[in-house]
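Comments concern the structure below.
The values are calculated or read from the model by the stated rules, or taken from the named source; none is laboratory data. Being a predicted model, the structure only gives us computed values, none of them experimental. Virtual Cβ from ideal backbone geometry, glycine too; neighbours counted across all protein chains shown.
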Amino acid sequence: MTTFIIIVLIFFIVGAASSKKSKPQKQRNSYQPKPSREPVRHNTSTRSLPKVTISNSKPMDNSIIDITGKSYNLPNTSSSNSNVPYWGHQYVYSYSEINTATNEQRTFYKTFKANFLSEIFTDLHGNNNYAFILLFDLLNEFDNHRNVTLLEKQLKALGDNYPKTKSYCISFLIKKLEEKGENSAVERIRQQESYYNNYYDYDYWKLGTQYKAKLNLNNEDVTLLNKLWNPSNNFFNIEFCGLEIIKLYLAVIKKLDEKYQKESSSLKDELLKVADIIARKHYSYRKGSGNYTYSLETIVNELNSHIFKYCENAVRENYGHKRKLNVEMPYASADVKAEYDDKLVVRLKKIIEVYTPTISQLDHKTELELNTQNTTRWKIKFDQLTDKYNNDSKKFINDIISLGNSNKNNPSIENIFYEASKFIANHDKEASLTLYIYYLHYDLKSVKFDNKQLNKTIQKSLFKTNEQLHDFQIIISQFVQDKDLEKALKAVPSVYAIKRKKIQLDRNTIQEVHDKHSGTVELLNEYLKDEYEDESNTFKTQEINNEEVVMEIISKLDNNDVSPFDNSLNFTKIQHEVLEIFSKANLSILQTDLEMFAKSKGMFKNQIIESINETCYEILDDVLIEEDEEFYTINENYYNQILAK
């Protein structure tokens, strides 16, 4: 019986083997992958891509890729078969790295992002910088829309289709979820992704690894800094500022630890005490449980990051950067406050105060970047100059020009010279007119010619006669036309130069010689009349009394101004002005500044904000202007949507 079974099995195996022999296939002119829900994987890349149809019946057109039935044009930007502009590998630490890209690379990135958001995943052929730029771009957008579900979906798609980014997508997603207290979601993702911090290049994102060489850090410093997440705000991303924050943090942490060592404790032990209270009181974890043990390390790292924020705020304060990071802890427990705020933070602030003088002085490059970020930062230096003014107008002008040079990228630079002209008017008339010329120089170069006028009181002190006023009008008129700054500045002293004595004209005599000297009379009338105009401007003057003359410059081009915003929005004049203020302040202004503007218009700031948001809601399906601590901000993407196309 056994022999019979063995024989049957042998016949079965032989028959099965013969049935698997392949038959010759006919040659076909085209290759069509079978329909599948799974993305097609290409040998040129490890990324997951949608189904691609390739035809060999005719030469392939590299400018069109047929993806899931859709045709999308890509510019032929490379001489190779790839349509992806080559971008040599580099570490990407923030979205701002896009500024180092070429125009060709930036153009492609916009196409790549648009495709990605449409769930079309372009093969990057190893140019992973684009994928990492997109990672930070999505994280920046999350800070505005705050939709965790959308972020998780986007980062999962990014990690799945561009595997080099996967570990970082998971780590950043977990960080964002932890910041929002979504601990259950964090645990779910860790389990789904089998996430552990053991990726071969994971640490290169951390501060210690990133700045080890630049700051000559020892291993202890690197370990300490690697416990922190790399800040992604604009202030820290200015390299000079970032380095100063790190140096201050290391000095403060070590000094704080020394203080506790003298009390037979350590900073680590004190942070663990606080972490214990947070885990038990806030999260209600049982001491010794798995969740409790796991949460301690996360909370301690969070507290270290909190200390880092205090150090960053100290550097911001020292460099005159108004916007501060929020250092409020999200834990309402009185025990946490007593242990952390009332004990550790009090010591922390005292130590920071001691070490603040060690912060390095700014270099010129960093000054330019900070003044571009914070468009009213110049007021700090300006107030210092006016407070210390000692009747040396020449030095004051030079100091203001120097202040202007350090604000050359500031879209509100003209306001420096306007305020300076107002200040110096009661001290030196010629200096005031000189600075007003500078104001016009920068105002003419700005997006919108604001053409601010000096108030009546100041004009009264500057011009005692119509003659002086008309002379200055002519200088301005010529300057508006030829934009010759040096020529206009050289002409300013002539306004106050003694030209002739006043004479009493006999009108009868003038009438008698009118016919003989009509040209002379017309010139005289032109000179003495109270209005002066040219092709671009009209100058109106009004003599209030014997001592006060008021000048008003009216641009003839004002009536032809085209609104930069979508015509369908129908903004009012005040709404236009508010949006222009935002535009010149990099879309972020202090609430107090807007409140002052609103009061000058006889309105409330909330009334203006709500009216603008309501006007824009149909286009944006969201609010345009939002509160951000003590600032009002506009999302750049939303602002671009309301601009005229």
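Would you check which residues across region 365-410 are within 22 Å of PHE240 (Cβ to Cβ) and not in a helix (DSSP H, G or I) and list them?
Within region 365-410, the subset within 22 Å of PHE240 (Cβ to Cβ) is 365-381, 384, 402-410.
Result: ASN374, THR375, THR376, ARG377, SER406, ASN407, LYS408, ASN409, ASN410.
Can you name the residue in region 73-114 that is polar (S, T, N, Q) and at pLDDT 90 or above and is also nearest to LEU155 (Cα to Cα) among such residues? Walk me through it before giving the result.
Quick first cut of region 73-114, residues polar (S, T, N, Q) only: 73, 76-83, 90, 94, 96, 99-100, 102-103, 105, 107, 111.
Retained after the next criterion (residues that are at pLDDT 90 or above): 105, 107, 111.
Numbers: GLN105: 22, THR107: 22, THR111: 18 Å.
Checked region 73-114; the qualifying residue nearest to LEU155 (Cα to Cα) is THR111.
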ASN410 - would you say it is within 23 Å of ARG323 (Cβ to Cβ), without any contact (Cβ under 8 Å) to a residue 40 or more places away in the chain, under 26 Å from the mean Cα position of the chain (by Cα) and outside the structural domain of LYS247 (by TED's automatic domain parsing)?
yes
Number of the exception - SER611 against (1) touching a residue at least 40 places away in the same chain (Cβ under 8 Å); (2) touching a Ser or Thr at 6+ places or on another chain (Cβ under 9 Å); (3) among the small types (Gly, Ala, Ser)
(1)
Kindly indicate which of LEU117, LEU134 is modelled with pLDDT of 90 or more and crowded, with 20+ Cβ neighbours inside 10 Å.
LEU134
Scanning region 176-189 residue by residue, those not in a helix (DSSP H, G or I) and not acidic (Asp, Glu) turn out to be LYS180, GLY181
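Search region 141-175 for residues being in contact (Cβ under 8 Å) with a residue 60 or more places away in the chain and either among the polar types (S, T, N, Q) or outside any helix (DSSP H, G or I) (or both), and hand back the single one that is surrounded by the fewest Cβ atoms within 10 Å (Cβ to Cβ). Before you say what the answer is, go through the steps one by one.
Step one: list which residues in region 141-175 are in contact (Cβ under 8 Å) with a residue 60 or more places away in the chain, which gives 141, 144, 160-163.
Among the residues that remain, those that are also either among the polar types (S, T, N, Q) or outside any helix (DSSP H, G or I) (or both) are: 144, 161-162.
Working: ASN144: 14, ASN161: 23, TYR162: 25.
So, considering only residues that are in contact (Cβ under 8 Å) with a residue 60 or more places away in the chain and either among the polar types (S, T, N, Q) or outside any helix (DSSP H, G or I) (or both), the one surrounded by the fewest Cβ atoms within 10 Å (Cβ to Cβ) is ASN144.
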Enumeration of residues in region 320-353 that are part of a helix (DSSP H, G or I), free of Cβ contacts under 8 Å to residues at least 24 places away in the same chain and aliphatic (A, V, I, L, M):
ALA334, ALA338, VAL346
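Among the residues of region 261-295, how many are assigned to a helix (DSSP H, G or I), among the hydroxyl-bearing types (Ser, Thr, Tyr) and surrounded by 17 or more Cβ atoms within 10 Å (Cβ to Cβ)? Steps first, please.
The initial filter retains those residues of region 261-295 that are assigned to a helix (DSSP H, G or I), namely 261, 267-282, 290-295.
Now narrow it down to the ones that are among the hydroxyl-bearing types (Ser, Thr, Tyr): 292-295.
Now restrict to residues that are surrounded by 17 or more Cβ atoms within 10 Å (Cβ to Cβ): 292, 295.
Residues flagged as assigned to a helix (DSSP H, G or I), among the hydroxyl-bearing types (Ser, Thr, Tyr) and surrounded by 17 or more Cβ atoms within 10 Å (Cβ to Cβ) within region 261-295 amount to 2.
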Are any residues in region 562-584 closer than 16 Å to LYS452 by Cβ and either at pLDDT below 80 or in contact with an Asp or Glu (Cβ under 6 Å, 6 or more places away or on another chain) (or both), and if so, which ones?
LYS584
In region 225-277, what count of residues is obtained for those that are over 26 Å from the mean Cα position of the chain (by Cα), within 19 Å of THR209 (Cβ to Cβ) and in contact (Cβ under 8 Å) with a residue 60 or more places away in the chain?
1
